[in-house]
1. In nanometres, what is the gap between the two model label sites at ARG31 and GLU58, each 7 Å from Cα along Cα-to-Cβ?
2. Along Cα→Cβ, 7 Å out, is where each label goes; now give me the distance between the ones at GLU100 and GLU23 in nm to one decimal.
3. Taking the solvent-accessible surface of protein heavy atoms with a 1.4 Å probe, what is the per residue accessible area of segment 77-131 in Å²?
4. For segment 57-131, which whole-number percentage of the solvent-accessible area (1.4 Å probe, protein heavy atoms only) is attributable to carbon and sulfur atoms?
5. Roughly how many debye, to the nearest 20, is the charge dipole of segment 21-82 about its Cα centre, given +1 on each Lys and Arg Cβ, -1 on each Asp and Glu Cβ, and no other charges?
6. Give the span of segment 35-131's Cα atoms along each principal axis, as three whole-Å numbers ordered largest to smallest.
Amino acid sequence: MKLRLLPLVCAPVLALVGCSTAEITPLHEARVQEVSEIRDALAGTDFDCTNWQELKQEEGVCMQKEKGQIKFKLDGTPEDYARYLMEEQFPYAKEVIVGENWVGRCDNTDEGTCQTIAEGLGASVKQSTRS
């Protein structure tokens, strides 16, 4: 292959790579100070908040176009709070994202959305034991 043809072959490949979807930015610190850090980590990805409502410094709702919404809340005991959400407060909830000091209750999200977001942020998903 002649060197002058190389740009014609490589340019389309590089263009395709440049169009790929951005990945979720993992949270650099396991403990977040404000829920807006989670919003910022999702910015520019398939899980970008098309509408963000910050209810308090420690609570916010991320609405995602055609994917539902996730309500994030900072909490000192996220495992316990996730259990409370699914067993007491929102028994219809199927899964909750659990971070170091925060939770994300998924409402009407596409299957796999919570898991993908959790993995991207360095968190886990607690699933309901109810059928």
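The values are calculated or read from the model by the stated rules, or taken from the named source; none is laboratory data. All of these numbers come straight from a predicted model, not from anything done at the bench. Backbone-built Cβ (ideal geometry, glycine too); neighbour counts: all protein chains shown. We work out accessible area using only protein heavy atoms, side chains counted, and drop any ligands, DNA or RNA first. Shrake-Rupley method; radii C 1.70, N 1.55, O 1.52, S 1.80 Å.
1. Going by the 7 Å Cα→Cβ label model, 1.2 nm.
2. 1.9
3. Details: 3000 Å² over 55 residues.
Spelled out: the 1.4 Å probe surface of segment 77-131, per residue, equals 55 Å².
4. Details: 1580 of 3950 Å².
Looking at segment 57-131 in its full context, I get 40 percent from C and S.
5. Values: 7 positive and 14 negative charges, 43 e Å.
Charge dipole, segment 21-82, about its Cα centre: 200 debye, nearest 20.
6. Principal axes ranked by extent give 33, 27, 23 Å for the Cα atoms.
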